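This report concerns only the one structure given below.
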Amino acid sequence: MHFDIQLLHSIIFYLLYGLAALVTFIAVERFIFYIYTMRHAQRLHHTPDEAHGSNVAAEVVRQVRDGQKTPREGMEDLTESIYIKARTHLVRHLWALDTIVTAAPLLGLIGTIFGIIDTFAALAHSGISDPSAVSAGIGTALYATALGIGVALYGLFFYNLFQERVERIGDQIKLLILHHSQEINYA
């Protein structure tokens, strides 16, 4: 059974380029979402009567208001479930970044292995008399390693940045829930 190492190597490179594009797409989408959500959460904290629209913060305020008939003993469970639902929206797609951070170096390593296999095949075919074939295979192998690590670092930067944003927005959501649940219970 004979595999076309160059084809497999090209597939690895295209996968890594695709993963880099996916990181970029997720980063842009999450940046827009987090900015939008944080602005709404801060605005609703100061002007709660504007709880309309389809954003996470407005949905939290509406859910707390809908639970105003909840007995005081059940309020903690209600607010916890509202926060968990909101957090689900905040962490959406972050699993993909985490997976890319893990998978990209491994794909780069596979590309490296294919490059080394190609180098040994060139050595077996022409011997050491063709140094350009040997150096081309090693260069391709090193490029695969660098690309895999580069994509992983690129994804890791956004993953860590977004984890911090989730915590900050999550804190704003908690404040909204506390503020509105106290407002309902003491009214």
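The values are calculated or read from the model by the stated rules, or taken from the named source; none is laboratory data. Fair warning: this is a prediction, and the values are worked out from it, not measured in the lab. Using ideal geometry, Cβ is built from the backbone for each residue, glycine included, and neighbour counts are taken over all protein chains shown.
When you check Y17 against the structure, is it at pLDDT 90 or above, out of contact with any Gly (no Cβ under 8 Å at 6 or more places or on another chain) and closer than 14 Å to I173 by Cβ, yes or no?
On the way: at pLDDT 90 or above: yes; out of contact with any Gly (no Cβ under 8 Å at 6 or more places or on another chain): yes; closer than 14 Å to I173 by Cβ: no.
So Y17 fails the test.
Where residues in region 48-67 are surrounded by fewer than 18 Cβ atoms within 10 Å (Cβ to Cβ) and modelled with pLDDT under 70, which of them is farthest from I35 (Cα to Cα)?
Filtering first and then ranking leaves D49.
From the list S129, S181, exactly one residue is modelled with pLDDT under 75, of a type in the set (S, T, N, Q) and touching a Gly at 6+ places or on another chain (Cβ under 9 Å). Which is it?
Within the list S129, S181, the selection yields S181.
So the check is Cβ under 7 Å with 6+ separation or different chains; which pairs have a first residue in region 157-171 that's over 14 Å from H45 (Cα atoms) and a second one that's polar (S, T, N, Q) and at pLDDT 95 or above?
As it stands, the answer is none, since no pair meets every condition given.
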